[in-house]
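The values are calculated or read from the model by the stated rules, or taken from the named source; none is laboratory data. Keep in mind the model is a prediction, meaning the values are calculated, not measured. All accessible areas refer to the heavy atoms of the entire protein, side chains included, with ligands and DNA or RNA removed. Shrake-Rupley method; radii C 1.70, N 1.55, O 1.52, S 1.80 Å.
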Amino acid sequence: MHTDKIRVLVAEDSQVTRMLLVHLLNSDPRMQVIGAVHDGQAALDFLDGGDRPDVIVMDIHMPRLDGFEATRRIMESRPLPIIICTATADPQDVAVAFRSMEAGAVACVEKPVAAGSDFDLQL
């Protein structure tokens, strides 16, 4: 029986959304968030540090280096599955999904929204 957890890196510029994603992912016993960074450049720096995740959950709109460019660079140099997680991925915005896939992402999903007491922020 395979008991290793899926190691996840989260790249998201919003601290609240980053914390929510980490909380949701770590609540699944099959997953372990090994890093949470604030932009695409920080994701590249994390990977340069030698700790390799199994998958990256990446926002699109971030300062310094956006998710499209970070995904493209990662896929060129050290390919691994990347899931784009963005608030702009609605059914009408097909261009975002296609651009994400062209950059090398394996999926494009909508960001989760914390509702009421489902997510208790402890800043």
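Couple of notes before you dig in:
- Accessible surface for ILE83 stands near 50 Å², nearest 10, in the context of the full protein assembly shown (1.4 Å probe).
- Note on ASP51: accessible area approximately 60 square angstrom, rounded to 10, probe 1.4 Å, nucleic acids and ligands left out.
- Applying the Karplus relation 6.51 cos²θ - 1.76 cosθ + 1.60 with θ = phi - 60° to the stretch 105-111 yields 3J(HN,Hα) values of 5, 9, 7, 9, 10, 7, 5 Hz, where x marks Gly and Pro.
- Accessible area per residue (1.4 Å probe, heavy atoms of protein chains only) ranks ASP28, ASP48, ASP13, ASP59 as ASP48, ASP13, ASP28, ASP59, with the largest value leading.
- Residues whose placed amide H lies under 5 Å from that of MET31, excluding near-sequence neighbours: ILE6
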